[in-house]
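Here the structure is laid out as structure tokens; the discussion comes afterwards.
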Amino acid sequence: MSAEAADRVAAVTSSRPSTPLQTSWFEFLLDGSLLENHLQKSNPDPLPVQLIIQFLEQASKPSVNEQNQVQPPADNRRNRTLKLLALKVAAHMKWDLEVLEKGLTIPVLNMLLNELLCVSKVPPGVKHVDLDLSTLPPTTAMAVIIYNRWAIRTIVLSSFPEKQTKPGPHQMNMLSIVQQEKEMTENILTVLKEQAADSISVLEGALRLKKDFYVHTLRTLDLLAADAAANGETESSTAGLRISADELHCQVHYDLGGIFFQQACTDQPAFEKARDHFRQTKELLKKVQLLLDWTVHVHLDEKRLAGYWNACRALTGDCDPSDSQTSPYDQINSLIRAVIEAFIKDNVTRSLPNQFRQHTAICHKLCVCNAVRDAVEGEVLSVRFQQLLLKPSKRVVDFILEVCTRSLEKERPSETSRRNMAHFMKTLCESLEELPLVFVVSSHKLFMELLREEERKVLVEQMRKRSATINLSAKPLPSFYDIPASASVNIGQLEQQLILSLEPRRIRQILIELHGMAERPFWRVNSKWEVPPDYINVILGIKDNLTKDLVYILMAKGLHCISIKDFAHARQLFSACLELVTEFSPKLRQVMLNEMLLLEVRAHETMAAEGSKERPPPDLVSRVRGYLEMRIHDLPLRQVVGEECVAFMLNWRENDYLTLQVPPSLVMNNPYIKLGQLLASTCKELPGPKESRRTAKELWDVVVQICSVSIQHKRNSDGRVGLIKHRESSMCILYRHDDQTFLLLQDDIVNEVTAEHLSIWPSTLPNIQAVDVEAVAVTVKELVSYALTLNPNNQSWLITQADIYFVTNQYSAALNLYLQAGAVSSDFFTKPVPPDVYTDQVLKRMIKCCSMMNCHTQVAVLCQFLREVDYMTAFKALQEQNSHDAMDSFYDYIWDVTILEYLTHIHHKRGETEKRQIAIKAIGQTELNTSNPEEVLQLAAQKRKKRFLQAMAKLYF
């Protein structure tokens, strides 16, 4: 570059505004006056809190010695100066914990304040609670107070939820540092919480000191560094910044109030302590602010203080309703507490009549106040208020009018409020059945002001006609279908309420409002509302659109409630729907009766599944029978109702009805009844295998038909898989539940799955190729799984489930269940497992499971359990060198000397000296001596069997 070009570049560069370089931390070490000058700047860079972090970070860095070993930070002049610099920055900030807590992490602030304790000559190794603050030098006492204030403030702040920041890509390398800091923070918090009671005691002691306090400044810290006041007296104590007792006490009361408020979550009386401290805070704050234009050491959030104060007063009832400064919330809360206290005291004195105590006037009046507030704001009126208007007294109507009048008392109520109130007055008139009460409303001053004369005349005439109609019908109370509509709001709000509501009257009320605004099918508002396809045509055939919407939505909501086991709401919804359809459709009335029957059946079965032993009431059993025998032409029927009714009869062992009382025509025409009858007959005759074989054969043939290869899988409207049969069978259509209600557990001969009561079934199949083996496998697996949820300790079912896992090559799961079956039949192997549970077939399958999992030592041990020891399999297993079990740790469970001798030979041949010694030691046990009596040998075998099976259970359970 030429000299001329260089000059041009220099000229351009010099013309740009330069950004001052950030002062580095080490520069403050080199120039003693630099820190104070830096802190005096309006926008120092780095900021004071950043300087504290840099100074302490550098002072706490570990050192490395000549042997390259990491050592703790050295206690040298450099590090002491850095710590002092950090303290001087905090002193410049006047030890404002509010600011320090926002800018510093808990570990850094903990290090800073511990350094303050050190330089302030706080006696090391002595608990702060054991110090007498009144005898300590002022700056020493102040250091103790600042530390303990920070301790309880940190406990309180740590209880607030914090939003976790998600690390970006550039932060991933810092995660380990963040984790270390998190662990340090948790450790510090643990210590602070353990010492919380001591910190509270220290601060309570500080409140008893009435003298002024002094806190370190930059000057006093310089004096300390120069050892001019090594004893902590003179300049370093009284030359510091003076803090008046009132200022310090104000701050300490605030901090104590915070910790007691936090502790009150688990210790209710602490609210009163918190309230007292916050009261003192407020009083001292006013006093200090009157004396000084600004405060030195009172740094608190006045909005938070006000929140604390209101919460404490509300929770402790410390409110004076007559106080003009008291908020409406405080007044109401105080009055409610007074009423509750009066009723509690009366539980002792019993001076108030029960009629007075149980009078609901207060509840009614609150309901009216809330309703008028809703009306003025254009909200929908509550169901409770609608119920109140079903049969109101004149006193209630008068009170409603009083509340309406007083709610519009302000000088110029808005036009919207007046219009909403007028609508409410009209609704009130329409809701009242008694004509005298209508006249009370229509002649009221507010009614006359808000409604035009034409409106008033039309409304009164309508009420007169309606009153005559009601008198003629002689209805004592309005039915569900007669509940009046309320004030309207926008369609979106109403549709949202329609989706959420489960109260039938409220649903109808909303639909009336919606139909008044728009004429469209509101049953489509929520795509998740579904009714069975069997009923769709009947419901959508209802001519009146409001009624159609109402029937559809009530049924859909009721079915949803049943699916989530909310049977109480389902009953309300179905009852309302039944009342509605009874007026115009006998067909829909019977549909609802059928659905209500299914509801009760499912509710009772749910109770039984949850442990109830209560039998169903006779009325329910009678209704189930009535449904099964019902024959009504052209009535839409859901197949699931018939299925569950038959299952209900089987579950509650109504076998006599199914086998003896059910009409023969019903058995011939209803395949579910036929299957139920065969199941009931087989179960009833089960104790006598020979006698029951004829019935069992019939049941067998039916199930074989169901599982034939001609089955096509099809999902029906209920989400269940249907098994559709050819029409030539009398069992032409059968559906299969997810819980396999109607398929019987049977033996799968090909895969040799064992099962209970095999003797009653035929031993052969005429056409085994026609059987859908996959369908049988799925059915058996699902059925046994479901059965085990009802009785998880049935050893026979456990063996069957284990066999299913075994034939599908799930060896670990199979072994787990074989061991479970043994455990439940032997009190967790404290007794011998019965031989009919651990048959040779079961034991061989357990051996195969262990072998397939390469647990060959376990194979050898199990070979001893067989009636005749299988030496060939045991020796072959012990020859394997890739065994995945613990090998020699199982030798103590072997009692067969021949197997132990073979083990010693194998280990000798392989040069495995240690394992050979273990085998020899096992052989040498006196109880295995072949010269022992047979009883001793049997006892030794049983002891090892028990210990081995318990060890296996620990491995596989």
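The values are calculated or read from the model by the stated rules, or taken from the named source; none is laboratory data. Quick caveat: nothing in here was measured; it's all calculated off a predicted structure. Please note: Cβ atoms are built from the backbone with ideal geometry, for glycine as well, and neighbour counts cover all protein chains shown. Accessible surface areas use protein heavy atoms only, side chains included; no ligands, DNA or RNA. Shrake-Rupley method; radii C 1.70, N 1.55, O 1.52, S 1.80 Å.
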When every residue in region 876-885 that is out of contact with any Cys (no Cβ under 8 Å at 6 or more places or on another chain) and either outside the structural domain of C849 (by the TED database) or not in a helix (DSSP H, G or I) (or both) is compared, the one surrounded by the most Cβ atoms within 10 Å (Cβ to Cβ) is E880
Subset of region 542-578 [of a type in the set (D, E) and open to solvent by 70 Å² or more (accessible area, probe 1.4 Å)]: D544
Examine region 929-945 for a residue that is touching a residue at least 60 places away in the same chain (Cβ under 8 Å), of a type in the set (D, E, K, R) and in the same structural domain as Y818 (by the TED database), and state whether such a residue exists. yes
When region 222-261 is examined, which residues are found to be modelled with pLDDT under 85 and part of a helix (DSSP H, G or I)? D222, L223, L224, A225, E235, S236, S237, T238
Can T873 be described as out of contact with any helix residue (DSSP H, G or I) (no Cβ under 6 Å at 6 or more places or on another chain), assigned to a helix (DSSP H, G or I) and either free of Cβ contacts under 8 Å to residues at least 60 places away in the same chain or crowded, with 18+ Cβ neighbours inside 10 Å (or both)? no
Checking the conditions here, which among K954, K915 is open to solvent by 60 Å² or more (accessible area, probe 1.4 Å) and either closer than 27 Å to A821 by Cβ or part of a helix (DSSP H, G or I) (or both)? K954
Residues in region 813-848 that are part of a helix (DSSP H, G or I), within 13 Å of K946 (Cα to Cα) and among the aliphatic types (A, V, I, L, M): how many? 2
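Yes/no matrix, rows are residues, columns are (1) over 20 Å from L221 (Cα atoms); (2) in contact (Cβ under 8 Å) with a residue 40 or more places away in the chain; (3) touching an Asp or Glu at 6+ places or on another chain (Cβ under 6 Å):
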position	(1), (2), (3)
K83	no, no, yes
A86	no, no, no
V89	no, yes, no
H92	no, yes, no
W95	no, yes, no
V99	yes, yes, no
Of the residues that make up region 274-286, is at least one within 29 Å of the chain's Cα centre (by Cα) and more than 18 Å from D212 (Cα to Cα)? no
If you take the residues in region 921-950 that are at pLDDT below 90 and under 22 Å from E880 (Cβ atoms), which one is surrounded by the most Cβ atoms within 10 Å (Cβ to Cβ)? A922
Which of the residues belonging to region 529-553 are in a loop (DSSP other than H, G, I, E, B) and touching a residue at least 12 places away in the same chain (Cβ under 8 Å)? W529, E530, V531, P532, I542
With the requirement that a residue be open to solvent by 80 Å² or more (accessible area, probe 1.4 Å) and either among the aliphatic types (A, V, I, L, M) or outside any loop (DSSP other than H, G, I, E, B) (or both), what does region 264-278 give you? E272, K273
Can you spot a residue in region 886-895 that is closer than 30 Å to L783 by Cβ, open to solvent by less than 50 Å² (accessible area, probe 1.4 Å) and assigned by the TED database to the domain that holds K946? no
